[in-house]
């Protein structure tokens with residue numbers, strides 16, 4: 001992609017009410033644009049990263065047998081009345097009456113819709129288990145929406161729902177999703193600590209949260225950096241500085257953000273919505289359910305919060321919008337031509353490259369590149385024949401002969 | 001994919017209020033599930049076809065320089081007040097007040113949002129032209145929503161918006177999108193006739209509609225099957241049976257459905273929202289805009305309306321959810337094993353295959369396959385060594401040696 005053609009220039013001035021690091025950097029770098037509090041548009045750069053996050057999550061959900069569906073945003077009150085959640089969720093749900101007098105809510109979550117669908121297809125134990133997921137907008141009228149992509153009023157989630165003939169079968173699949181979640185975060189380049197949820201409606205052993213360390217975190221997690229043992233501070237039986245119950249090393253008091261969660265739902269929804277099946281012995285039983293969520297925007301926001309410096313974003317290898325940011329700092333025509341030729345050869349080698357071909361100052365190009373945060377910067381100048389191979393994260397630079405660049409790029413990402 | 005694992009069994013019984021062929025067939029075949037009038041969920045089979053439609057449209061939009069973005073559903077009234085469309089669109093818009101007293105509308109269309117974003121990035125003629133598109137939900141509270149996927153209350157659209165420094169530049173790009181649209185429909189396997197729109201707010205030369213012949217169509221188009229000349233009946237200067245003005249062959253009176261449209265917007269939105277740029281001569285001018293839409297669900301519904309028989313759907317080669325429906329009708333263990341082995345070899349050859357491995361009657365398998373409508377059926381039975389190679393559209397069958405099947409499948413789709 002030629003940067004001169006890319007929509008979404010970097011900006012110095014952004015709205016004063018953006019208090020969060022992720023929203024500030026993503027807006028200044030041209031990834032997102034705010035429509036109103038908690039509601040953002042994704043610009044081309046932002047959508048590139050978003051699609052990479054989406055694809056990693058999709059692959060891992062497919063890997064554990066998930067079948068993808070797409071559920072609606074408009075949901076009738078009559079559906080929510082079956083579980084009594086129309087009133088319960090009223091404080092955060094967008095609810096209104098349409099032109100025909102039907103009461104409608106925007107999907108704040110999709111347990112009711114998916115249970116209603118599954119009910120139409122399940123009769124016998126032979127129809128179970130079922131694993132369905134979607135990647136779709138959720139709408140929640142949050143009181144405060146000041147954390148950028150970490151807490152939106154409109155945001156995309158991957159939500160997986162599983163349906164089982166027994167608690168045992170759910171437990172088995174719950175463990176599988178637990179492992180899949182750890183794999184998703186690892187592939188995204190995030191170190192996630194899994195903790196038992198600290199209570200609420202679910203009992204503590206029935207729910208896990210996946211926590212990522214960052215100063216912007218609203219939760220506090222006691223965690224061990226050596227063996228990944230972790231507990232939510234509210235229910236932890238050790239404190240910061242104590243020995244890790246698993247490996248004996250010292251544990252830390254860390255601010256964390258919840259990047260995903262998994263729940264045992266049991267028969268909560270199947271009871272309310274009368275989702276039953278006939279078991280092997282001919283008896284009618286309630287279906288046992290689990291649900292598993294990851295917010296895609298929240299993941300993007302978390303990466304930015306966890307990985308940036310004073311100059312801008314530092315994307316992880318799998319979420320960088322482009323693999324290479326090619327900065328043409330040459331003034332001579334000969335060298336400019338070489339840069340264009342080199343851009344084409346990178347593309348031919350299937351390397352995803354953003355080429356800063358703009359007619360602006362060197363300083364602005366370097367600043368923009370650090371702000372945007374693509375993992376590798378490749379700088380072509382009149383100074384020397386070689387190119388500068390710069391790693392955004394630590395800003396280390398090495399001089400490399402042009403003919404070796406493609407191999408070095410592939411090595412970096414392998 | 002093993003059909004025994006696929007979520008979404010075929011059904012005989014569906015709600016009596018589904019009057020449209022597309023909704024009836026797609027529901028019975030397990031592609032979609034109705035949530036309420038005009039609001040559907042996509043089940044795994046439906047999402048497979050949906051993704052193919054999406055990918056074709058995305059590729060052609062990228063090809064004409066479109067950059068993909070993702071715009072929000074929640075839109076503040078204050079934005080719509082700038083064009084006066086809050087009141088104008090009230091009859092079809094979902095409008096409500098949130099918990100904070102902000103008046104919000106669900107995106108029925110996105111001209112206001114995109115113009116507001118572009119305004120933040122455009123100063124000079126050097127920033128133009130800009131081509132942005134998205135693939136995203138639209139919400140319209142239609143009075144009647146009885147046409148299945150042809151007219152939904154919640155539906156996915158691809159909408160492209162272009163921004164230019166002159167009418168001439170828009171005209172140039174308008175022609176390019178016109179060609180791209182014809183290419184999209186051709187790739188989808190639909191024969192689309194482009195007609196000038198019959199009026200409304202836009203003058204007739206400033207808007208085109210892409211019409212597909214089907215009995216379910218609400219429009220009537222006078223068209224020539226020989227040279228693809230077409231006019232909307234309301235403004236046509238020839239009638240059915242007359243000679244085609246272009247090629248002289250007889251024209252026809254055909255019911256059609258509008259599968260896409262393209263508009264000259266001129267300065268309508270840039271005027272209302274004060275989107276200006278500085279031209280080469282230093283003068284402030286209004287940006288000239290165009291918009292270009294295709295409904296993805298509508299395309300799927302149109303394909304079903306245009307391509308089905310009494311037994312079910314007949315997908316086009318590029319929209320078939322799977323390339324091959326492998327029907328195992330064998331009873332002998334030896335032959336069953338061969339079928340499983342053959343299924344694996346198809347997958348290894350990168351052929352997307354749905355394998356009906358269910359333990360049900362032959363008749364039911366054949367009926368289901370015709371209903372689902374995958375282009376090719378490959379039938380393995382105990383009758384003979386060869387497999388039956390059946391084309392869903394015309395139900396012609398030939399006997400082929402297993403070793404030749406992969407070549408034949410590839411030939412069919414090439």
request  = Kindly establish whether residue A:170 is part of a helix (DSSP H, G or I), in contact with a strand residue (DSSP E or B) (Cβ under 8 Å, 6 or more places away or on another chain) and touching a residue at least 40 places away in the same chain (Cβ under 8 Å).
outcome  = yes
inquiry  = If residue A:394 meets every condition in (1) in contact with a strand residue (DSSP E or B) (Cβ under 9 Å, 6 or more places away or on another chain); (2) under 26 Å from residue A:32 (Cα atoms) apart from one, which number is that one?
reply    = (1)
ask   = Say we look at the range B:11-26 and pick out the residues that are more than 10 Å from chain A (Cβ to nearest Cβ) and under 17 Å from residue B:373 (Cα atoms); which of these is surrounded by the most Cβ atoms within 10 Å (Cβ to Cβ)?
value = B:26
message = Among the residues in the range A:216-229, are any within 30 Å of residue A:354 (Cβ to Cβ) and either surrounded by 18 or more Cβ atoms within 10 Å (Cβ to Cβ) or in contact with a strand residue (DSSP E or B) (Cβ under 8 Å, 6 or more places away or on another chain) (or both)?
response = yes
query = Is it fair to say residue B:8 is out of contact with any strand residue (DSSP E or B) (no Cβ under 9 Å at 6 or more places or on another chain), within 11 Å of chain A (Cβ to nearest Cβ) and farther than 30 Å from residue A:36 by Cα?
reply = no
request  = Filter the range B:28-39 for residues that are closer than 20 Å to residue A:130 by Cα and at the interface with chain A (Cβ under 10 Å from one of its Cβ atoms) and give the result.
outcome  = B:30, B:32, B:33, B:34, B:35
message = Looking only at the range A:40-65, count every residue that is more than 10 Å from chain B (Cβ to nearest Cβ), touching a residue at least 40 places away in the same chain (Cβ under 8 Å) and farther than 23 Å from residue B:114 by Cα and tell me the total.
response = 10
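Return yes or no: is residue A:180 modelled with pLDDT under 95 and either in contact with a strand residue (DSSP E or B) (Cβ under 8 Å, 6 or more places away or on another chain) or outside any loop (DSSP other than H, G, I, E, B) (or both)?
No; evaluated as a whole, the condition is false for this residue.
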request  = Would you point out which residue out of B:246, B:279, B:242 is in contact (Cβ under 8 Å) with a residue 60 or more places away in the chain and either under 15 Å from residue B:193 (Cα atoms) or assigned by TED's automatic domain parsing to the domain that holds residue B:167 (or both)?
outcome  = B:279
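Scan the range B:285-292 and tell me whether some residue there is in the same structural domain as residue B:170 (by TED's automatic domain parsing), over 17 Å from residue B:128 (Cα atoms) and in contact with a strand residue (DSSP E or B) (Cβ under 7 Å, 6 or more places away or on another chain). Let's see the steps before the verdict.
From the range B:285-292, those in the same structural domain as residue B:170 (by TED's automatic domain parsing) are B:285-292; that's our starting set.
If we keep only those that are over 17 Å from residue B:128 (Cα atoms) as well, we get B:292.
Still in the list and also in contact with a strand residue (DSSP E or B) (Cβ under 7 Å, 6 or more places away or on another chain): B:292.
Yes, the conditions are met somewhere in the range B:285-292.
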ask   = For the range B:45-64, does any single residue satisfy the condition of being surrounded by fewer than 24 Cβ atoms within 10 Å (Cβ to Cβ) and outside any helix (DSSP H, G or I)?
value = yes
query = In the range A:152-166, what count of residues is obtained for those that are within 10 Å of residue A:291 (Cα to Cα) and either within 14 Å of the chain's Cα centre (by Cα) or in a helix (DSSP H, G or I) (or both)?
reply = 1
Top-ranked residue of the range B:77-90 - restricted to ones that are touching a residue at least 12 places away in the same chain (Cβ under 8 Å) and closer than 18 Å to residue A:97 by Cα, ranked as nearest to the chain's Cα centre (by Cα) = B:89
ask   = Are any residues in the range B:309-338 in contact with a helix residue (DSSP H, G or I) (Cβ under 6 Å, 6 or more places away or on another chain) and under 14 Å from residue B:21 (Cβ atoms), and if so, which ones?
value = B:311, B:312, B:313
inquiry  = Filter the range A:310-341 down to the residues that are over 20 Å from the mean Cα position of the chain (by Cα) and either crowded, with 20+ Cβ neighbours inside 10 Å or closer than 18 Å to residue A:24 by Cα (or both) and list them by number.
reply    = A:310, A:311, A:324, A:325, A:326, A:327, A:328, A:339
Filter result for residue A:271 (loosely packed, with under 13 Cβ neighbours inside 10 Å and not in a strand (DSSP E or B)) = no
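The values are calculated or read from the model by the stated rules, or taken from the named source; none is laboratory data. The model shown is predicted, which means the values in this text are computed figures rather than measured ones. Positions of Cβ are backbone-derived with ideal geometry, glycine not excepted, and every protein chain shown enters the neighbour counts.
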